[in-house]
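Here is the structure we will look at, set down as structure tokens.
We did not get these values from a lab; they are worked out from the coordinates using the rules stated. The model shown is predicted, which means the values in this text are computed figures rather than measured ones. Here the Cβ is made from the backbone with ideal geometry for all residues, glycine too, and neighbour counts use every protein chain on show.
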Amino acid sequence: MREIYERRVKTPIAAFVFTLVILLVGCVSASKSATEDPKAQPLPNPAGELETVLDEEGNEVKITTNDPASFQTLSKDSSEYFRVYITSDHYKLRQIRGAKFIHRKVDKGGDALISEELAKYNRINFTDDGIILVILNGNTGAVETIRFNTRVPRINDLAKVIQNDVTRWAMEHSEEKPVVTKYQIHYTIRLENRSGTTRDKVKEDLKREVRK
């Protein structure tokens, strides 16, 4: 079905709209956005109490019940170093491992731009996710490989957002020769329907895009 569709659709946005139709037909929307709980409870560090957790601004923080669910779960993979949660309003990051050896340089402007990229996709309530594997040069720390690993987003456009995000990251190392040369980043992207778009409206948009 996908191959037939790709021969007919002429624009990336049409491909995105078509994917939305499939998701609307086959999926129930994710739970409503969580509201801030003033009584947030601290939770155990996902990677163990010996690890320091850093946020997107490089501050040491605790995981709490106010954090997205994807931040709260126990980490079972020793190569998982970062968790990122992105909406059109917020860019949140938690580094759960290896803070004394490696960390991401703070980039508030870049974080904001990535969030803004999601605004045009806010046509349904939907959560997508993906896992990126990054491999660095063992001598220089330069990036050698960036690829999806075990989990690829269902919406291709969101996969591109994730790829754009990780590509812009700049890393700092504790040693001249990096100690950490491989890490995984677990991404979660949350879309929210702010356009009042219905399933029928999405279908009509698709028809117009195909006719072009």
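A compact table of results
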quantity: Solution diffusion estimate, µm²/s, Stokes-Einstein, region 69-210, Kirkwood Rh from C-alpha pairs, 37 °C, viscosity 0.692 mPa s; calculated: 200
quantity: Sorted peptide list for 75-82, 128-135, criterion being average Cβ within 10 angstrom, highest first; calculated: 128-135, 75-82
